[in-house]
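Below you'll find the structure, written out as structure tokens, and then a few comments.
The values are calculated or read from the model by the stated rules, or taken from the named source; none is laboratory data. Keep in mind that what you see is a predicted model, and the values were worked out from it rather than measured. Here the Cβ is made from the backbone with ideal geometry for all residues, glycine too, and neighbour counts use every protein chain on show. Side chains included, ligands, DNA and RNA excluded: accessible areas come from the protein's heavy atoms. Shrake-Rupley method; radii C 1.70, N 1.55, O 1.52, S 1.80 Å.
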Amino acid sequence: MSTKVLIVDDVHEVLLEKLQDAGIAYDYQPDITRAEAEKQISEYSGIVIRSKFQVDSAFMDLAPGLSFIARSGAGMDNIDEAYAASRNITLINAPEGNRDAVGEHMTGMLLSLMNHLNRSHQQIKNRQWLREENRGYELKGRTVALIGYGNNGQAMAKKLSGFDVNVIAYDKYKTGFSDEYAREVSMEEVVKYADVLSFHIPLTRETKGMVDEEYLFHFRKPIFFLMGARGGIVDIPAVLRNLDSGRIIAAAFDVLPVEKFPSLGEQPWFADLMSRENVLVSPHVAGWTFESYYKLSAVVAEKVVTFLK
Ligand SMILES: NC(=O)C1=CN([C@@H]2O[C@H](COP(=O)(O)OP(=O)(O)OC[C@H]3O[C@@H](n4cnc5c(N)ncnc54)[C@H](O)[C@@H]3O)[C@@H](O)[C@H]2O)C=CC1
Ligand SMILES: O=C(O)C(=O)[C@H](O)COP(=O)(O)O
């Protein structure tokens with residue numbers, strides 16, 4: 001089978017240019033549905049995706065000649081990685097393309113929570129000028145705990161380096177990673193010292209629902225909670241209960257276990273979550289900037305070209 005790549009989601013034109021320059025044939029079908037892709041995928045040796053649909057074993061079975069799946073993004077949770085490995089299909093992603101965006105966005109969310117920006121803006125819209133209620137907290141001197149010290153964890157640590165904070169990081173699958181930006185710690189130290197808890201781990205069978213009542217129970221100090229990885233990692237009702245008790249001071253989510261309307265609005269916890277003045281939610285855009293749109297596509301194109309050469 002000659003090399004041909006199917007691109008099934010919106011990507012920056014740099015990706016198309018780089019494939020073209022390398023003489024790699026492709027079809028760019030950003031609006032294709034999964035059902036349509038299923039009909040065509042047998043003709044292709046590679047696919048470039050984002051998060052539009054699941055690339056599961058059933059999909060891969062329709063593509064006997066598939067040699068790679070490239071994700072123009074970081075998270076691989078919409079790909080059955082184990083099945084791809086069993087089929088010897090190479091997986092490519094581009095975390096270098098949006099890690100700075102995630103680091104900046106989650107730092108921004110933290111500063112916003114600590115200074116009540118969301119609430120005070122809403123109050124002023126309602127003609128309320130409440131200075132005392134909106135007195136902020138300073139980051140300086142606090143301990144920020146990063147769970148996961150890969151691309152995004154490291155980017156977040158670098159962004160925080162100008163704030164005079166103590167950054168600690170726990171990574172279950174890495175050791176010996178302490179650097180000038182973060183100190184490697186055990187989970188025991190995280191629960192003891194954290195003032196801020198920020199997640200930078202993938203959604204896997206192991207991490208699904210991991211952040212529940214039991215997980216949050218062990219923290220010794222009230223925490224600011226940041227979820228910028230995948231919503232499926234966290235049990236929202238447990239966070240709500242911890243907000244009620246004051247064990248979580250405030251929480252920011254760029255990702256939620258269910259995203260987009262109407263399904264998000266149908267979740268039993270949705271109205272409660274959104275009624276809180278100390279909760280800040282963004283629509284899964286931490287890694288989605290004008291710059292990362294280009295960088296993700298450029299990085300993934302370079303990796304695809306390297307793989308195919
Ligand atoms: N909100 C957004 O727009 C974005 C979200 N993401 C999400 O962030 C996740 C992380 O991205 P990267 O940092 O690029 O991944 P990465 O693979 O570079 O780093 C993840 C780190 O988490 C560690 N880890 C895995 N399971 C763990 C556990 N149970 N406890 C502690 N550490 C654990 C790994 O050893 C690894 O070092 C992605 O999988 C994706 O789901 C990524 C980009 C944008
Ligand atoms: O890279 C990831 O992982 C992300 O979550 C992206 O920032 C969002 O991915 P898309 O849904 O835009 O492909």
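The Rg/Rh ratio for the range 137-265, using Cα coordinates for both the radius of gyration and the Kirkwood hydrodynamic radius, is 0.95. Note on the range 2-92: Cα Rg divided by 2.2 N^0.38 Å, N the number of residues, gives 0.99. At an R0 of 30 angstrom, the distance between the Cβ atoms of T90 and A35 translates into a FRET efficiency of 0.75. The angle separating the long axis of helix 99-114 from the principal Cα axis of greatest extent in the chain is about 20 degrees. First measure r as the distance between the Cβ atoms of Q54 and T306, then evaluate 1/(1 + (r/R0)^6) with R0 = 25 Å and state the FRET efficiency to the nearest 0.05. After rounding, the FRET efficiency stands at 0.45.
The C-alpha atoms of the chain define a longest principal axis, and helix 236-245 lies at about 10 degrees to it.
The length gained by stretching the chain between Q123 and E180 to full extension, at 0.36 nm per residue less their Cα-Cα distance, is 16.5 nm.
Qualifying trypsin sites (Lys or Arg not before Pro) in the range 1-52, where qualification requires a DSSP coil assignment and no more than 11 other C-beta atoms within 10 Å, are lacking entirely. So which trypsin sites (Lys or Arg not before Pro) in the range 56-153 are both in a DSSP loop and have at most 13 other Cβ atoms within 10 Å of their Cβ? Here the trypsin sites (Lys or Arg not before Pro) that fit, given the DSSP loop and packing criteria, are R127, R131, R135, K140. Ignoring solvent entirely, what values of log10 I(q)/I(0) come out of the Debye formula for the chain at 0.10, 0.13 Å⁻¹ when each Cα is a single scatterer? Debye curve over Cα of the chain, log10 I(q)/I(0) at q = 0.10, 0.13 Å⁻¹: -0.62, -0.98. By accessible area, using a 1.4 Å probe on protein heavy atoms only, the chain has 50% of its surface on carbon and sulfur.
The GluC sites (Glu not before Pro) of the range 149-217 that DSSP puts in a loop, and whose beta carbon has at most 14 other beta carbons within 10 Å, are E180, E206. Mean sequence separation of contacting Cα pairs (under 8 Å, at least six apart), scaled by the length of the chain, corresponds to a relative contact order of 19 percent. A Förster distance of 41 Å, applied to the separation of the beta-carbon atoms of R220 and L130, puts the FRET efficiency at 0.85.
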